[in-house]
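Here is the structure we will look at.
The values are calculated or read from the model by the stated rules, or taken from the named source; none is laboratory data. The model shown is predicted, which means the values in this text are computed figures rather than measured ones. FYI the Cβ positions are ideal-geometry reconstructions off the backbone, even for glycines, and counts take in every protein chain you see.
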Amino acid sequence: MQRIFSGIQPSGVATLGNYLGAIRNWVALQDEHECIYCVVDLHAITEWQNPKDFAQQTREMAAVLLACGIDPTRHILFLQSSVRAHAQLAWIFNCVARIGWLNRMTQFKDKAGKNRENASTGLYVYPNLMAADILAYKATAVPVGEDQRQHLELANDIAQKFNHDYGVDFFPNIQPLILGVAARVMSLRDGTKKMSKSDPSDQSRINLNDDADTIALKIRRAKTDPEPLPSEMEGLANRPEARNLVGIYAALADMDADSVLRDHGGKGFGAFKEALAALVVDRLSPIAAETRRYLADPASVDAVLRDGAGRAAAIADPIVAEVERMVGFIGV
């Protein structure tokens, strides 16, 4: 079976965008792949986190993944910081990757913005750690959004350079898996920006732990335009907020956008938003309830993560030990 690796940061509550763009696809991939899923807490601290809140968010993210259907008995779910091979391999990759490669990473430029000189070095070398996350398991496929494709290309560059520098054919080529109808869910306040759990405005996103009333209110307040919903896709051109809401409906209803417009086109956004709110509540309420059940017994979540870390380390440690031998570490 093809081995898949993917991770999600615990720096905030998981959103509808995380669910449709990643988590739901992770669940589906379990049927035909060997899946290793990780709460990437090392990545999260590239920006400062309040330690108390961060610990709680980390456990909550694990609970959300379990509630959504990640099966830790058939696959692996763990915390990145619990498997030291990630950090060990990341340092070696820091020494393989070139500064010029990292300077081309657009996501660092976007996140650092005008404060580039004040950004952490961890944020700068984030892609090297991402490469280590994947290659510590010799995973050959990663489900990613378009915003991570450049990082995956860099991971392949690092793997190829390592193989070349040390005269080996050790690390495999990694293929991106771009999945899902709504692989890029946008902000409810600005249809040109990705829905993000780090957005300062809570009204910009649907959190997976929002209650039914909160979900309905956020959707009613979602930005739209004065025109009615079109009956055909061409009518969504240059209407990012309308396109986003139609995309969310299509993904949750397992429909294509054309079918959504055939059913709802010509109506005002008021009626469509009510239908969308009902659909979101129907799909997310069971996840929220199951998450609360897991969090009522945090020891059980921690036990799953400990078991997953042990199983992950059993794969990664020998691979990284072999890398260290190739580099020339004597390992005394």
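Side notes on the structure shown:
- For region 122-137, the count of residues that are under 17 Å from the mean Cα position of the chain (by Cα) and either under 19 Å from Glu241 (Cα atoms) or not in a helix (DSSP H, G or I) (or both) is zero.
- Residue that is farthest from Ala28 (Cα to Cα), among those in region 98-144 that are of a type in the set (D, E, K, R) and in contact with a Lys or Arg (Cβ under 9 Å, 6 or more places away or on another chain): Arg116
- Residues that are out of contact with any helix residue (DSSP H, G or I) (no Cβ under 9 Å at 6 or more places or on another chain) and free of Cβ contacts under 8 Å to residues at least 24 places away in the same chain were ranked within region 259-309; the one that is surrounded by the fewest Cβ atoms within 10 Å (Cβ to Cβ) is Ala299.
- Total residues in region 138-166, condition of a type in the set (Phe, Trp, Tyr) and under 27 Å from Lys193 (Cα atoms): 0
- All positions within region 138-159 that are farther than 12 Å from Gly7 by Cβ and assigned to a helix (DSSP H, G or I): Glu146, Asp147, Arg149, Gln150, Leu152, Glu153, Leu154, Ala155, Asn156, Asp157, Ile158, Ala159
- Subset of region 3-28 (residues that are under 24 Å from Ala55 (Cβ atoms), out of contact with any strand residue (DSSP E or B) (no Cβ under 8 Å at 6 or more places or on another chain) and part of a helix (DSSP H, G or I)): Tyr19
- Check on Val323, touching a residue at least 60 places away in the same chain (Cβ under 8 Å), within 21 Å of the chain's Cα centre (by Cα) and not in a loop (DSSP other than H, G, I, E, B): no
- Region 76-87, residues that are surrounded by 19 or more Cβ atoms within 10 Å (Cβ to Cβ) and not small (Gly, Ala, Ser): Ile76, Leu77, Phe78, Leu79, Gln80, Val83, His86
- For region 152-172, the criterion of being among the small types (Gly, Ala, Ser), more than 22 Å from Val320 (Cβ to Cβ) and in the same structural domain as Gln30 (by TED's automatic domain parsing) is met by no residue.
- The residues on offer are Asp282, Asp307, and the sole one that is at pLDDT 95 or above, assigned by TED's automatic domain parsing to the domain that holds Arg59 and in a helix (DSSP H, G or I) is Asp307.
- Residue selection: Glu47 satisfies the criterion of being touching a residue at least 60 places away in the same chain (Cβ under 8 Å), under 20 Å from Lys194 (Cα atoms) and in the same structural domain as Asp147 (by TED's automatic domain parsing).
- Hits in region 29-38 - residues which are closer than 13 Å to Ala309 by Cβ and in contact (Cβ under 8 Å) with a residue 60 or more places away in the chain: Ile36, Cys38
- Any chance Phe171 is surrounded by 14 or more Cβ atoms within 10 Å (Cβ to Cβ), touching a residue at least 40 places away in the same chain (Cβ under 8 Å) and in contact with a Phe, Trp or Tyr (Cβ under 9 Å, 6 or more places away or on another chain): no
- Tally, over region 126-153, of residues that are crowded, with 20+ Cβ neighbours inside 10 Å and touching a helix residue (DSSP H, G or I) at 6+ places or on another chain (Cβ under 7 Å): 16
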